[in-house]
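Q: Let me begin by handing over the structure; questions about it come next.
What follows is calculated from the coordinates using simple rules that are stated; it is not laboratory data. Remember, it's a predicted structure, so these values are computed and weren't measured experimentally. No Cβ is skipped: glycine too gets one built from the backbone with ideal geometry, and neighbour counts run over all protein chains shown.
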Amino acid sequence: MKGGPLSVVAIVQRGDDLKVHSYGTAKDGVNRPASADMHMRVASVAKAFSGAVALSLVKRGALSLDDTIGQRLPDLPAAWANITLRQLLGHTSGLPDFSQTRKFRKALQQSLLEAPKPRALLEFIKGRVPTFTPGSRYRYSNTDNVIVALMVQAALDKPYNEALKDQVYDPLGLTETSLPRGAKMPRPFIHGYDNDPDATPPEDYSEVIAAGWAWASGGVISTPAELNRFIRGYVGGELFDRKIRAEQRAVIDGAHSEPPGPGENSAGLAIFRYETKCGTMWGHTGNTAGYTQFAAASGNGSRSVTVSINRQTTPDNGAPGVFRALRQAEELAVCAAFAK
């Protein structure tokens, strides 16, 4: 398909039965197949990692879903002070998305390879107030997960990367997953490409933008194999208990991930419900320069799917028909996971 990805890696797991389906090469013009142990940018699935850390700390009592920005980060604007961790995780904070501002885009273009410090990302919405009463509506915002990570740091008095390692990577056995600041990818990796269908050869975006420009909202790097392991543990209850999972799954119907996932989408706390013709899964999608991701698992984590492609595609971005084909592939993978 014109404008389609150069590679696809999909994992379907039912209990202990794991199947990897791969297509294409890891790099344009090089005969090396893409595989499940190669690194890639997980894009906004990083938001699920921020939820995993935060909710594991709620389980421990180090954070509460009712903790406010004002309590944990009193130096942030007073207009944000009453916004809760729950509202940040559920994208009901009303905070503007820093990554959608003209100031951010200008700064990014001037310094692609060197990102500001995480807290400085909030400077792009300095002086801005919530666009609606917090808790009253849903609006997806990268700002939310940056503040979640800052609250985690404040609660533990340690860097967010250390919290990820202690609360997520180590418990789930993730050794190839990281949140770097720069643009370099760990080797080996699946190269990610521009989505211009007329570009020949396609432009390689793999190491063009420093991960720190997205940080906790989209900077995580992993492999298809570890993304599958993460989503099974995250959804299946390995990181926090049933009571917290019930709070996480109190969804807003019709609120979709970015980009939308298969079936009917609804938003919970750092998680989305995907109701398909074959069954319901919980997880997250993501897209960033060069990559589009889908990772989800059944309610108990026993059945899981990941679909990773090396081009960014959304309903409004990329070659016509590519996103529709991707959604169909994701739904087929979900159906395969639920097959008996």
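Q: Are there any helices (runs of 4 or more DSSP H) wholly within the range 151-254 with 2 or more residues that are basic (Lys, Arg) and farther than 29 Å from residue 96 by Cβ, and if so which?
A: Filter on the range 151-254 gives 224-236, 242-248.
Q: Continuing with this model, one more query. Filter the range 115-136 for residues that are outside any helix (DSSP H, G or I) and of a type in the set (D, E, K, R) and give the result.
A: Passing the criteria: 117, 126, 128.
Q: Return the residues of the range 221-241 that are under 21 Å from residue 273 (Cα atoms), under 16 Å from the mean Cα position of the chain (by Cα) and among the small types (Gly, Ala, Ser); say none if nothing qualifies.
A: 233
Q: Please give the helices (runs of 4 or more DSSP H) falling wholly within the range 37-114 in which 3 or more residues are under 30 Å from residue 6 (Cα atoms) and either of a type in the set (A, V, I, L, M, F, W, C) or without any contact (Cβ under 8 Å) to a residue 24 or more places away in the chain (or both).
A: 46-60, 102-110
Q: Between a residue in the range 262-281 that is more than 23 Å from residue 93 (Cα to Cα) and touching a residue at least 60 places away in the same chain (Cβ under 8 Å) and any residue that is of a type in the set (Phe, Trp, Tyr) and assigned to a strand (DSSP E or B), which pairs come within a Cβ distance under 6 Å, given they are 6 or more apart or on different chains?
A: Here the result reads 262/274; 263/274, each pair linking the range 262-281 to a residue that is of a type in the set (Phe, Trp, Tyr) and assigned to a strand (DSSP E or B).
Q: Just one of (1) among the small types (Gly, Ala, Ser); (2) under 23 Å from the mean Cα position of the chain (by Cα); (3) more than 25 Å from residue 185 (Cβ to Cβ) trips up residue 4, so point out which.
A: (3)
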